[in-house]
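Reading through the structure tokens given below for one structure.
The values are calculated or read from the model by the stated rules, or taken from the named source; none is laboratory data. Just so it is clear, the structure is predicted and the values come from calculations on it, not from any experiment. Reconstructed Cβ throughout: ideal geometry from the backbone, glycine too, with neighbour counts over all protein chains shown. Calculation scope for accessible area: heavy atoms of the full protein, side chains included, ligands and nucleic acids excluded. Shrake-Rupley method; radii C 1.70, N 1.55, O 1.52, S 1.80 Å.
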Amino acid sequence: GMVKTEPFTQWVIENHFAGERPDFPALGVQLAESVEPWENAKLRLLNGAHSALSYLGALAGFEHVHEVVGVPSFRTYVEALWDEVETTLEPPPVVLCRVVVMPSRARRGRTFRARILGAIPCPVFSVF
């Protein structure tokens, strides 16, 4: 079936092309010498917060991640987690991860699924 997600507003592409580069900046795409800072920010801020909310939410009896986000104490926890994680990042020029909307009702991510996936080692990003 169809997978619903939150809107995605930032694209960063490494500026290493074998041939002529399309005019990505005209489309709002950021070009960078390395995307590693953005990958780290996404993994640590967004994925880390999602995993933490999944684990804590399941322990608190919630079935869906979006329900956990609605609880002020969990939202406060994520803000504190982000503050701590930011100290581990080499900040890219623009990091939009902090303003990302956490899981929505439309997506209905289950805490159980995220806990199971969290037990699987993360794959390395592929470069094509």
(request) Compute the distance in nm between two label points, each set 7 Å from the Cα along the Cα-to-Cβ direction, one at residue 47 and one at residue 24. (result) 1.9
(request) Determine the gain in length on full extension of the stretch residue 17-residue 55; use 0.36 nm per residue of separation and subtract their C-alpha separation, reporting nm with one decimal. (result) 9.6 nm
(request) Whenever you get a sec, line up 11, 38, 82 from highest to lowest accessible area (probe 1.4 Å, protein heavy atoms). (result) 11, 38, 82
